[in-house]
Amino acid sequence: MNIKKQFKEGLITNNPVLVQQIGMCATMAITTSLFNGLGMGLSVLIILTCCNVVVSAIRKIIPEEIRLAIFVVVIAGFVTIVDLLLQAFIPALSSALGVFIPLIVVNCIIIGRAEAFCQKNTVGASFFDGIFQGLGYTCVLLIMSIVRELLGKGTFGGGLIDVTEGLRFTLDGSGAGIKIFSGEYGAKILTMPFGGFLTLGVLIAVMQYALKKSARKKELAAKAAKEEKEVEE
Amino acid sequence: MLFNIISISLGAILINNFIFSQFLGCCPFLGCSNKTDTAFGMGVAVIFVMGMASAICWLIDTYILVPLGLAFLETLAFILIIAALVQLVEMFLKKSVPSLYSALGIYLPLITTNCAVLGVVLLNVQNHYNFIESVVYGITGGIGFLLAIVLFASVRERVQFADYPECFEGFPICLVSAALVALAFMGFSGMQIF
Amino acid sequence: MNKVIKLTVVLFLICAIVSAVLGAVNEVTKGPIETQQREKTEKAYKAVLPYADSFTEIDPAAYVAYKSTINKISVADNGAGYVVETTFSGAQGSITMAVGIDSDMRCAGISIIKHSETSGLGEVAASSSERGVSFRKSFIGKDETITVHDIDAITGATITSKAVAGAVANVINAVKALG
């Protein structure tokens, strides 16, 4: 299978959030700091990859009629494992993301990939699909977090980076981030629910603009090539 | 007790609205809000399932999972209960209340993956609500969802006639208008019963 | 009919496998989760009542009149005072807070454990920013007559500030009622 194509699909042309427009609840809810965004993105990436591999491994032995129920059980299993591990070893992330970790179960990305991709493809392809789709999701979360945090609070890397005693990474979510400008001048509204909807809306609009532009370019190029051919003839 | 219930209801409907302040149930919210009447159908179906799910999940959690020390199976158990419940409700309505079934039927299967439903049962556990509080939270959370989706659907019907940049076509303009409705809901955020 | 049985068996088997795996993971993580939570509580308690060493929980029957707002009262074993865990409604939902009360029935410190206040405004009350710290410090030494005017209230988060002040007054009254 062509990994390169899958990579491009996951990150750009078939990005789960920007193009397929699924899994938006968490995208808008938790992207208020880089710490949350990165944590959520990586959690989804891990769960998605594991589920993809398991689903495609058992795809031939599960009966057609109850496949969705089985997918849900497998997904819920992995989500609970990640939830328990986070509670035990990165409690700050667990409390910051709260109910959105168990809610990955109903995140349409995972069940959607299981149904649309893993059912028909080999374990290897599903593994890469999980990684790239997960990366695509993580990238969107990162962009949203960085934009909302920077414009809303004037910091970069909140919770994850601490610069008071030299640059270091904090896994307990205590770092204040790099201060770009004083939080008093930040558009605080961007860190509120309003900002979640608005940022995602604008991000998808930018994506649509870019996709349309590249499609038009291709069209023009094809047209030009065709005309050239006609002239030659 | 009564005070508690009023404060939970007011919180779930207005102040901590499931969609506009907690972001639970955004997928059906954005997907099913093209027309006011579909939005209304979806909202009613959600109230129904959220109330039932809160009650049943509370009972199962309190009397089966917690006493057996199986609290770690909560997420798995809840999602299965919700899926089974939705199926049961669907079959029951089909046989005994066909008129309601024909109105809600198409929305019911969609509700299984509505994160507001799983969200409400998980929040019930997290907030240590008792049985009555859980059911009230479930139902009023559903009412909050209904309010949000109906209001938003009527906004969206107007937006269709608006003149916006081409690249905002479809989802983006929908999200931007949702942002403005969320802004309106922020006005409730200072409300409190003393 | 045979098919139904087969489907049930397959579904049941998969559920059983998943549950078994979860059980195993739970065994591994149970210890660390408990330690984390205990450490967190202890740290929060010591932060609000600095001279305390260890704590003993008081029987809830002793403060039954305050049951709706107070979750837990613990007394410091060395007589430094009490730590009370209280839940009350803030601007955006409930706030859970630990309040230290010294032996003179004055507030020794507060720490917000859980909240859902508006980020950027009410959130400041719980944050580790300079503003949040000075807000919480302004409660130290206050008695049950505390109002929002006695503290360094947060601009733009009047309701949160008021709610926290009211909760501290309520906690001191509850501890006084213990006798």
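Just so it is clear, none of the values below were taken in a lab; they were calculated from the coordinates. A quick note: this is a predicted structure, and the numbers were derived from the prediction, not measured. Cβ coordinates were reconstructed from backbone atoms using ideal geometry, including for glycine residues, and neighbour counts include every protein chain displayed.
What number, in nm² with one decimal, is the all-direction average of the projected area of the convex hull of the alpha-carbon atoms of region C:1-73? If you can, show how the numbers build up before the last one.
Working: hull surface 37.2 nm².
Value for region C:1-73: 9.3 nm².
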Spacing of the two label points (7 Å from each Cα toward its C-beta) at residue C:128 and residue C:61, in nm: 4.3
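Would you work out the relative contact order for chain A, in percent, from Cα pairs under 8 angstrom that are 6 or more residues apart?
Values: 334 pairs, mean separation 64.7, N = 233.
Worked out over chain A, it gives 28 percent.
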Dmax and Rg, reported as Rg then Dmax, of region B:45-170 (C-alpha, Å): 17.5, 59
Coordinate range along principal axes, alpha carbons of chain C, Å, largest first: 75, 40, 31
Pairs of alpha carbons in region A:1-71 whose separation is greater than 22 Å (percent): 39
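Please list, by residue number, every one of the trypsin sites (Lys or Arg not before Pro) in region C:1-75 that is coil in DSSP and has at most 16 other beta-carbon atoms within 10 Å. Walk me through the numbers on the way to the answer.
Details: sites: C:3, C:6, C:30, C:38, C:40, C:43, C:46, C:67, C:72; in loops: C:67.
Passing both the DSSP loop test and the Cβ count: C:67.
Which ordering of B:128, C:149 is given by a fewest-first count of other beta-carbon atoms within 10 Å?
On the way: B:128 10, C:149 7.
Final ranking by Cβ density, sparse to dense: C:149, B:128.
Evaluate the protein assembly as shown: find the radius of gyration of its Cα atoms, find its Kirkwood radius, and give the ratio Rg to Rh. If you can, show how the numbers build up before the last one.
Working: Rg = 25.7 Å, Rh = 26.0 Å.
Ratio of gyration radius to Kirkwood radius for the protein assembly as shown: 0.99.
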Two-site FRET efficiency, residue C:155 against residue A:3, from Cβ-Cβ distance with R₀ of 51 Å, rounded to 0.05: 0.40
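Helix by helix through chain B, keep the DSSP H runs that span 30 Å or more along the axis on Cα and average at least 0.5 on Kyte-Doolittle, and give those back in order.
Values: long enough: B:36-60 (35 Å, 1.72); B:74-96 (32 Å, 1.48); B:131-159 (42 Å, 1.42).
TM-like helix candidates: B:36-60, B:74-96, B:131-159.
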Nonlocal Lys pairs with alpha-carbon distance under 20 Å, region A:139-233 (8 or more apart, or different chains): 10
Other-chain or far-sequence residues with amide H under 5 Å of residue A:180's (modelled H): A:155, A:156
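Using +1 on the beta carbon of Lys and Arg, -1 on that of Asp and Glu, and nothing else charged, what's the dipole of the protein assembly as shown about the Cα centre, debye to 20?
On the way: 43 positive and 44 negative charges, 243 e Å.
So the dipole magnitude of the protein assembly as shown works out to roughly 1160 debye.
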Cross-link reach list, lysines versus residue C:46, counting only Cα pairs under 16 Å and skipping chain neighbours closer than eight places: C:72, C:137
Hits among lysines - C-alpha to C-alpha of residue A:120 under 24 Å, sequence gap 8 or more where chains match: A:4, A:5, A:8, A:60, C:3, C:6
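So if I take the alpha carbon set of chain A, get Rg, then get Rh from the Kirkwood formula, what is the Rg over Rh ratio?
Working: Rg = 20.6 Å, Rh = 19.3 Å.
The Rg/Rh ratio comes out at 1.06.
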